[in-house]
Amino acid sequence: MIKALLIVSAMAGIGQYTTELPSMDECLKARQAILQQDANIKTLCIPKMDESVQMLRFFDIFMDMIDQIKTYDEVEGGLRK
């Protein structure tokens, strides 16, 4: 599941606030509620991937690389003999 990060920045320069929401739809609803309160506030919803999913993808890529190295080593090792 892709989560969303809501970034709120006021033009007064006080700073920005971020909060993680469970979905992009929830983020867009929160964004609209903020804009109704003050049209001068800038808001942005950014997709945010779950960190565990990101780690699993990384390890899948890493294991594919290991498999490719093993295959290459087996092929090259056979040619050297």
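Computed from the coordinates by the stated procedures, all read-outs in this text should not be read as laboratory data. These numbers come from a predicted model, not from an experiment. Methodologically, a virtual Cβ is constructed for each residue, glycine included, from the backbone with ideal geometry; neighbour enumeration extends over all protein chains shown.
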Practice prompt. Tell me which residues come under 5 Å, amide H to amide H, from S23 once H is placed; ignore anything under 5 positions away on its chain.
Written response: A4
Practice prompt. Could you work out how far apart the two model spin labels at D67 and Q37 are, taking each label as a point 7 Å from the Cα in the direction of the beta carbon, and quote it in nm?
Written response: 5.0 nm
Worksheet entry | Packing-based ranking, highest mean first, of 62-74, 44-56 given that Cβ atoms within 10 Å are counted | 44-56, 62-74
